[in-house]
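Peer 1: To start, I am sharing the structure in question, which I have written as structure tokens.
The values are calculated or read from the model by the stated rules, or taken from the named source; none is laboratory data. Computed from a prediction, not measured in an experiment: that's the story for all the values here. For neighbour counting, all protein chains shown are included, and Cβ atoms are generated from backbone atoms with ideal geometry for every residue, glycine included. Side chains included, ligands, DNA and RNA excluded: accessible areas come from the protein's heavy atoms. Shrake-Rupley method; radii C 1.70, N 1.55, O 1.52, S 1.80 Å.
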Amino acid sequence: MTDTIERLVDLDLDDDIRERPVVTRRPMHPPPPPLLPLSATVRYPLGRVPDLQDAVPVARETVRGPRTWRWRAVRVPWRWPQLTRSRVAAGLLGVFFGGLGLHRMYLGYWRRGLTMLAITVVGGFFTLGLAAIVMGVWGFAEGLLYLSVRRGRFSRDARGRPLRG
């Protein structure tokens, strides 16, 4: 920081000091530039960016060492076939079996469906059926939403694919 005096004033200590010099502090270096957005600093490759799903799965293969056989296990994730789920089937499962969470499991939301099933069975046992009634109403309402909504959260499955029908 440097100090600069805006105007010079003769200081006479015998008289009243009515005016004092104005001192302004100025930084020695200019301020740093504002942060650039990430898109301006990161350079992405041209063309299509490879995805994990684009990789070709490699089966188990044997690798012959100098004296021994070794197995190199490559994990190939098992997936359901790429089927488009039906809006009508999900809605009817929700209307008739909504408390059991079958409509959620049908669309790929396994954890949510199993949670609804556990709340219905275990919670219904401990609350004398009250939790089962609540889960049934909740599933019934979701079934109606799957049947009636064409856009938004209730129009896609767990992988983001649109529902047909």
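Peer 1: Determine which member of the set Leu128, Leu147 is on the phi > 0 side of the Ramachandran plot and open to solvent by 60 Å² or more (accessible area, probe 1.4 Å).
Peer 2: Leu128
Peer 1: Take the conditions out of contact with any helix residue (DSSP H, G or I) (no Cβ under 9 Å at 6 or more places or on another chain) and open to solvent by 20 Å² or more (accessible area, probe 1.4 Å) and apply them to Phe97. Does it pass?
Peer 2: No; evaluated as a whole, the condition is false for this residue.
Peer 1: When you go through Arg79, Arg112 one by one, which is the residue that is open to solvent by 40 Å² or more (accessible area, probe 1.4 Å), part of a loop (DSSP other than H, G, I, E, B) and either modelled with pLDDT of 95 or more or basic (Lys, Arg) (or both)?
Peer 2: From the options Arg79, Arg112, the qualifying one is Arg79.
Peer 1: Could you tell me which of the residues Ala90, Ala158, Ala141 is free of Cβ contacts under 8 Å to residues at least 60 places away in the same chain and in a helix (DSSP H, G or I)?
Peer 2: Residue meeting the stated conditions: Ala141.
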